[in-house]
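We did not get these values from a lab; they are worked out from the coordinates using the rules stated. What you see is a predicted model; the values in this text were computed from it and never measured. With ideal geometry, Cβ positions are generated from the backbone for all residues, glycine too; neighbour counts draw on all protein chains shown.
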Amino acid sequence: MPVYDRGYTHWQPSEGKSLPAWLIITGRGVIEPLKRRWLLLLILMAWVPAIVKGGIIYFKLKAGNLTDLLGGGWSSIGPDGFLSFLEGQRFFVFALLAIVGAGLIAADRRDNGLSLYFSRPLSLIDYLGGKAGIVLFFYCLVTLLPVWVLCLLAYLIAPGATGLEMLLVIPLRATVYCLLSGTSIALVLLAFSSLGKRSIFVMVWWAIMITGTEAVAAIGEGLGSHSLQALNFLGQYHNLGSVVFGTPARLDVSLFVSLAMVLGWTVLAVWVLRRQVRPVEVVS
Amino acid sequence: MDGTVTKVNPATAPRDARIRVSSLTFAYARRPVLQDVSFGLESGAIGLLGPNGSGKTTLLRCLLGQVPLPAGKVEVAGLDMASQARRARARLGWMPERGGVIPGMSGVGLVAYLGELSGLPSRDAMQRAHEVLHYVGLADERYRKCEDYSQGMKQRLKLAQALVHDPAWLFLDEPTSGLDPRGRVAILELIRDLAWNKGLGVILSTHLLADVESVCREILVLREGRLLARQDVDGNAREPRQVFEVEGFGDEDAFAAGLQRLEAQVTHQNRLWLVTLDLDRLGHPEKDEQGGYRAEVGTGAILEIAAETGFALRRLRRRPVTLAEEFYHLVEG
């Protein structure tokens with residue numbers, strides 16, 4: 001019988017299995033932005049540094065110039081080189097996450113979407129996990145994924161020279177770093193998103209958080225004060241990244257201070273999210 | 001609109017879909033919104049009435065388990081909403097008054113997405129989305145972006161998303177809000193069909209009494225957070241004191257004296273006599289299946305008096321008490 005002749009029918013469950021709620025939210029949240037061409041262009045641009053680095057690795061390995069590659073610097077294939085690469089991606093991280101993440105909760109608050117979500121068999125953790133998954137996906141798309149590809153490229157070109165380091169150690173370090181930093185960054189961005197109902201305001205606050213704190217740290221550095229570096233939002237993650245990658249610290253800030261800062265705003269973000277993400281808005 | 005195929009899902013078939021609310025008290029920021037509300041519902045269409053701010057929407061949110069329940073108990077389908085709200089919500093459909101569509105998604109995409117979040121496998125969710133969108137009359141518009149929908153289409157879409165997982169109960173918050181008369185009738189027809197023909201329980205929260213009259217069999221009336229009354233929509237038929245409209249000509253004094261023998265109260269509106277009778281005083285009046293008094297009990301007695309006194313009747317009928325009159329009587333005391 002054609003579907004339009006049947007009227008309302010009760011649901012007959014099939015054999016198929018349903019996915020976890022957070023994964024459904026992440027899946028939908030990832031697919032929708034990827035339909036925008038200019039966002040794809042931005043992602044492509046974010047891969048340009050990786051392509052350049054890949055080219056350098058290719059030519060140096062082909063030329064047998066392994067000593068150069070194992071040294072420090074952005075183009076090297078040592079841990080320092082990959083951490084520098086991740087640092088260099090910060091503009092794309094900022095821009096991409098601002099575009100994708102600013103409206104994730106703000107739009108739901110504006111359109112009463114939270115009420116819809118929480119009329120389903122869904123917990124707060126499912127909802128936030130799903131939204132954080134979207135941010136984490138795009139974060140890893142321009143950080144972790146290029147590192148994996150570059151490591152694989154280096155290994156395929158010169159398996160003997162690069163060995164286990166390229167196949168396992170660096171990818172593992174990058175994975176740990178990107179997942180930890182990405183989760184924290186995602187929670188902070190979602191907390192900003194939950195504070196407003198308009199994406200543009202969230203973007204402004206996000207810009208202040210990323211570029212503003214970096215500018216303040218730079219001004220402090222120019223004036224000879226290193227203590228202001230503790231305010232540099234992304235800088236703290238890179239500083240802690242030096243522990244994961246086993247390289248010298250990136251800032252003149254104690255690692256404990258960096259850890260305290262990162263933990264501090266992550267906990268603050270979770271507190272804000274618990275307060276703000278509710279199906280009902282309480283107006284006192 | 002009536003479906004001829006009825007597939008019954010054992011997971012959501014009627015079984016035990018009762019709602020039990022006992023001594024529910026709730027406050028927003030120390031402002032009491034619901035106070036000691038208790039009732040039980042089996043199924044069918046129930047109207048939730050009350051003035052603005054009386055706690056209708058909050059009561060629905062308590063039934064959905066969207067707010068913590070500090071005092072009292074709410075059970076839906078045998079599940080305690082304080083501890084098992086997530087499980088219970090798989091059997092509940094919610095149509096919010098405000099917002100309720102996610103911009104950027106097509107109609108079918110939104111409904112399928114929310115179906116998946118309700119626990120349907122992906123393929124089932126998509127199939128159900130198409131079915132319910134056909135049912136609510138959005139078949140041709142289902143691939144359009146939600147934000148491009150008209151108000152009437154958005155209301156239908158919200159109804160579709162509430163239906164996609166085949167809930168046992170539908171909670172509808174002002175479903176006809178912002179609709180033109182034609183759109184309003186269409187939505188009410190759908191709701192009526194679901195409640196009366198498809199076996200879904202419906203709680204319709206609204207301040208439009210006509211909507212309730214056209215869909216519901218029973219009403220719950222809230223005022224200032226308290227459950228003021230619970231009664232059938234045609235509850236006036238159950239009251240022994242009823243008003244009859246009489247118009248005629250002849251010996252008015254004799255007719256009036258005859259009515260006095262029935263202990264009737266008589267008032268006049270121009271040429272119309274409003275005769276209030278206590279039907280219990282007329283012996284053992286016959287009642288209908290729902291326990292309501294048959295109108296013939298009163299009209300028969302008046303006819304006898306008219307025949308005795310030679311008063312020629314031009315009009316004689318029981319005066320229908322509208323839900324509006326009943327509502328204002330309840331709410332305003």
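The angle between the Cα long axis of helix A:213-222 and the longest principal axis of the Cα atoms of chain A comes to about 30 degrees, rounded to the nearest 10. When each of the peptides B:305-318, B:109-122 is scored by the mean number of other C-beta atoms lying within 10 Å of its residues, the order from highest to lowest reads B:109-122, B:305-318.
Summing Cβ point charges (Lys, Arg +1; Asp, Glu -1) relative to the Cα centre of the protein assembly as shown gives a dipole of roughly 2000 debye.
Within a 10 angstrom radius of each residue's Cβ in A:108-118, how many Cβ atoms of other chains show up on average? Whole number is fine.
Details: counts 2, 1, 2, 9, 7, 6, 3, 10, 14, 3, 9.
That works out to 6 on average.
Against chain A, whose longest principal axis comes from its Cα atoms, helix A:79-88 is set at around 50 degrees.
Would you tell me the mean number of C-beta atoms belonging to other protein chains that fall within 10 Å of each C-beta in A:119-130, as a whole number?
Numbers: counts 19, 15, 13, 5, 2, 0, 0, 2, 1, 0, 0, 1.
Mean partner shielding for this stretch: 5.
Taking the DSSP beta bridges with both ends in chain B, the antiparallel portion is around 70 percent. The lysines whose alpha-carbon is closer than 19 Å to the alpha-carbon of residue A:62, local same-chain residues fewer than 8 away aside, are A:53.
Once a ≥ b ≥ c are taken as the square roots of the eigenvalues of the Cα gyration tensor of chain A, is the result rounded (a/c under 1.5), prolate (a/b larger than b/c) or oblate (a/b not larger than b/c)? Mind showing how you got there, number by number?
On the way: a/c = 2.42, a/b = 1.43, b/c = 1.70.
Oblate is the answer for chain A, as a/c is 1.5 or above yet b/c matches or exceeds a/b.
The calculated Kirkwood hydrodynamic radius for segment B:127-284 is 19.4 Å, given to one decimal from all distinct C-alpha pairs. Note on the protein assembly as shown: antiparallel DSSP beta bridges, both residues inside, total approximately 70 percent of the bridges counted. Under a Gaussian network description of chain B, with springs only between Cα atoms under 10 Å, the residue in B:156, B:217, B:86 that fluctuates furthest is B:86.
Sorted from greatest to least, the principal axis extents spanned by the alpha carbons of the protein assembly as shown come out as 124, 58, 38 Å. Over segment A:184-284, the fraction of Cα-Cα pairs per 5 Å bin, rounded to whole percents and listed from the shortest bin up, is 2, 13, 19, 20, 17, 12, 8, 4, 2, 1, 0. Among A:85, A:258, A:199, whose Cα projects farthest towards the positive end of the dipole of chain A, with charges put on the beta-carbon of Lys, Arg (+1) and Asp, Glu (-1)? Checking the options against the dipole of chain A, the answer is A:199.
Remark: spin-label model distance residue B:147-residue B:252 equals 6.8 nm, labels positioned 7 Å along the Cα→Cβ axis.
Which net charge results for the neighbourhood of residue B:119, defined as the other residues with beta-carbon distances under 14 angstrom from its beta-carbon, given Lys and Arg at +1 and Asp and Glu at -1?
Values: positive: A:17, A:120, B:86, B:87, B:89, B:91, B:123, B:128; negative: A:126, B:116, B:124, B:166.
Net of charged neighbours comes to +4.
Mind sorting B:37, A:257 by how few other Cβ atoms lie within 10 Å of their own Cβ, fewest first? Spell out each step's value before the answer.
Details: B:37 22, A:257 15.
Ranked by crowding around the Cβ, least crowded first: A:257, B:37.
Partners of residue B:56 within straight-line reach, counting lysines whose Cα lies under 30 Å from its Cα and excluding those fewer than 8 residues away in the same chain: A:197, B:73, B:154, B:158, B:198. Among the residues of B:114-126, the average count of other protein chain beta-carbon atoms within 10 Å of the residue beta-carbon is 6. Each eigenvalue of the Cα gyration tensor of chain B, multiplied by 5 and square-rooted, gives one semi-axis; in descending order these are 46, 23, 18 Å. Taking the longest Cα principal axis of chain B as reference, the axis of helix B:181-196 is set at about 90 degrees.
Here segment B:19-234 is assigned +1 on the Cβ of each Lys and Arg and -1 on the Cβ of each Asp and Glu. Its dipole about the Cα centre then comes out at about 560 debye. Listed by chain and number, the aspartates and glutamates whose C-alpha is less than 19 Å from the C-alpha of residue A:60, apart from same-chain residues fewer than 8 away, are A:68, A:80, A:165. Sorted on the mean count of surrounding Cβ atoms within 10 Å across their residues, most packed first, peptides B:158-165, A:106-113, B:67-74 read B:158-165, A:106-113, B:67-74.
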